[in-house]
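First up is the structure itself, then whatever we jot down about it.
The values are calculated or read from the model by the stated rules, or taken from the named source; none is laboratory data. Just so it is clear, the model here is predicted, and its values are computed rather than measured. Cβ coordinates were reconstructed from backbone atoms using ideal geometry, including for glycine residues, and neighbour counts include every protein chain displayed.
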Amino acid sequence: LTLFVIFPSFGQFYLRGEVKDENNKPLQGVKIFVHSSRSLFQSGMQGSFGFTTNKEYDSLSLTMDGYEPKTLRVKSDAWQKITLQTSVDQATKSKQKLISVTSNLTQSAKFNHFFSDETYFQLVENEFVDAGNYPNTGFSLDVDKASYSNVRRFINMKSVVPPDAVKIEELINYFNLQYVEPVNDRFNFSSQLTSCPWNEKQQLLFLNISAQKLDLNKVPPANFVFLIDVSGSMDMPNRLPLLKAAFQALVKNLRPVDQVSIVVYGGTVSVWLNPTSGSDKTTILKSIEELTAGGGTPGESAIRTAYKLAESTFIIGGNNRVILATDGDFNVGETSEEAMDKLITSMRQTGVFLTCLGVGMGNFKDSKLQTLAKKGNGNYAYLDDIKEAEKVLVKELSQTFYAVADDVLINLRFNPALVKEYRLIGFDNKKEAIADRTSNLNGGEIGSGSSTLAMFEIIPAQENMLSTSNTPVGDLAALSLQYSLCNDTSHKSITYPVNSNYLPFNAVARELQFATSVAMFALKLKDSKYINNTDWSSVVEVAALSADKDNYLQNEFLQLLDKVQKIYPEKKKKKKE
């Protein structure tokens with residue numbers, strides 16, 4: 001697909017106005033971002049502003065420390081009277097749980113990290129855990145892939161990546177590595193133990209779960225509600241126009257048994273398209289094409305409306321799903337992560353799943369969309385360009401929208417006789433807390449044909465005991481996979497042995513070597529203390545030797561490595577006196 005954005009020509013307008021607080025006090029120094037020209041201005045001493053534009057209607061985004069950000073659609077020849085509301089006290093903002101906490105271990109404080117006006121949950125990197133005292137650990141297997149495309153966006157902009165935007169497990173699993181079709185089962189499990197490239201005294205343990213592929217011609221009918229943000233903040237080429245192209249690509253793959261509804265929000269909330277059969281693609285495509293941006297962002301009421309519509313057209317045994325597409329900049333109604341958490345948790349009981357598609361930059365709210373997707377028992381993707389949209393909504397359609405299982409959890413019990421300490425790589429940002437038992441974890445859905453890799457860094461119980469010449473007797477660990485079938489509340493469990501099948505790093509599968517290079521890349525971006533002595537050339541070496549030269553995504557990763565070295569030059573080591 002090729003996306004063309006045509007800007008019509010208008011005469012010159014002089015857009016003027018003033019900015020005040022709720023007490024009618026003029027605000028000086030308010031940053032005013034003009035969407036049409038992507039220019040930045042500031043309000044003057046009396047809160048006034050003025051600049052030329054060739055748009056009769058334009059969109060403005062206003063930000064100032066201590067005040068809630070505001071985006072609105074304006075008429076350029078009218079005097080603008082804009083009021084900013086004082087922001088909520090930082091102390092009232094919700095705290096977020098972590099998935100990577102083992103019981104009886106101290107948790108660090110958690111809060112939001114801001115990059116420009118973007119928000120991310122602060123991540124606390126997993127520490128090594130004593131396997132003798134804490135042999136059990138667990139994590140939710142629903143791994144999104146949004147972080148990779150978001151990181152790619154920063155690097156392509158030649159920008160430093162916010163450390164908390166880097167979710168290691170999402171970067172590793174972006175490539176769907178090591179997929180093995182299950183035989184007469186819903187899942188296939190494999191594991192591999194090898195040496196650790198950044199620490200020769202330690203090992204890496206790979207765990208891989210592959211889910212069966214569903215026949216798309218036989219999957220249950222879909223009841224999709226597109227919930228599309230058309231507020232003023234979406235009035236940029238990489239936002240609403242990108243989403244329109246993405247949804248149109250999805251619609252072209254619908255079957256007659258599928259149905260689509262559209263709810264839009266921007267200033268107001270309305271049903272843009274009533275339930276329409278997948279056979280009437282012309283009507284659906286036309287409705288999407290006619291979308292325009294403008295207004296505030298009443299996210300809370302929009303979500304309620306979309307779920308209500310999905311419930312009214314609910315297909316028993318079908319794929320009932322709200323697909324939310326937004327930059328996450330909710331600024332009307334309940335807007336905090338805590339409020340959204342409660343809202344989506346209540347909606348989860350309806351049997352309607354939630355997929356979140358994030359777009360944009362500058363005011364992108366990763367933290368809000370992550371909260372919605374996890375609590376909505378769904379998934380989350382970030383679309384940085386039309387290629388990513390095609391990957392998520394067309395090429396990986398079954399992975400994105402059709403689940404093989406729900407409430408999927410992993411519980412792992414290490415053998416202290418073989419493992420002294422272990423560290424889960426990634427999974428730092430999950431909201432669920434890892435405990436000795438997984439009963440307190442919230443599992444998630446796992447998509448058709450998906451492959452999920454998890455990596456542990458291992459300190460062996462005895463030096464050199466895991467070498468090929470001295471293979472120990474007994475399993476390294478036992479893994480329990482817990483899940484439920486979609487539309488079924490009963491839980492099932494499968495147990496797999498994790499063998500002590502050590503191989504040198506250069507002897508393991510190339511896809512596992514490539515996954516390691518991606519993990520090293522992510523750890524470097526996060527400035528992890530566990531990879532301090534590894535330079536970019538080491539990452540490049542592992543990636544270059546293992547990448548599949550016929551795979552576009554893996555070749556693109558090599559290009560990102562070339563770019564990232566210019567953004568993150570190696571620190572020169574100080575000479576000893």
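Structure summary
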read-out: Region 244-280, residues that are within 21 Å of Y402 (Cα to Cα) and aliphatic (A, V, I, L, M); value: A246, A249, L250, V251, L254, V257, V260, I262
read-out: Filtered residue count, region 494-512, keeping only those that are more than 20 Å from I425 (Cα to Cα) and buried (at least 21 other Cβ atoms within 10 Å of the Cβ); value: 0
read-out: Residue in region 148-163 that is crowded, with 22+ Cβ neighbours inside 10 Å, in contact (Cβ under 8 Å) with a residue 24 or more places away in the chain and within 26 Å of L418 (Cα to Cα) present; value: no
read-out: Count - residues of region 57-84 that are without any contact (Cβ under 8 Å) to a residue 60 or more places away in the chain and more than 20 Å from M234 (Cβ to Cβ); value: 5
read-out: Count - residues of region 510-566 that are more than 18 Å from P163 (Cα to Cα) and polar (S, T, N, Q); value: 10
read-out: Matching option when the condition is in a strand (DSSP E or B), of a type in the set (A, V, I, L, M) and either at pLDDT 90 or above or buried (at least 24 other Cβ atoms within 10 Å of the Cβ) (or both), among L412, L372; value: L412
read-out: Strands (runs of 3 or more DSSP E) contained in region 56-166 and holding at least 3 residues at pLDDT below 75 and touching a strand residue (DSSP E or B) at 6+ places or on another chain (Cβ under 9 Å); value: 112-115
read-out: Single residue of region 449-472 satisfying the filter (out of contact with any Cys (no Cβ under 9 Å at 6 or more places or on another chain) and among the hydrophobic types (A, V, I, L, M, F, W, C)) that is modelled with the lowest pLDDT; value: L466
read-out: Test: S287 is at pLDDT 95 or above and either in the same structural domain as T326 (by TED's automatic domain parsing) or surrounded by fewer than 19 Cβ atoms within 10 Å (Cβ to Cβ) (or both); value: yes
read-out: Per-region count, region 394-409, residues in contact with a helix residue (DSSP H, G or I) (Cβ under 8 Å, 6 or more places away or on another chain) and buried (at least 24 other Cβ atoms within 10 Å of the Cβ); value: 1
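The rows are residues; the columns are (1) aliphatic (A, V, I, L, M); (2) within 23 Å of L453 (Cβ to Cβ); (3) crowded, with 21+ Cβ neighbours inside 10 Å.
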site: F514; (1), (2), (3): no, yes, yes
site: S538; (1), (2), (3): no, yes, no
site: L545; (1), (2), (3): yes, yes, no
site: Y552; (1), (2), (3): no, yes, no
site: N555; (1), (2), (3): no, yes, no
site: Q559; (1), (2), (3): no, yes, no
site: K563; (1), (2), (3): no, no, no
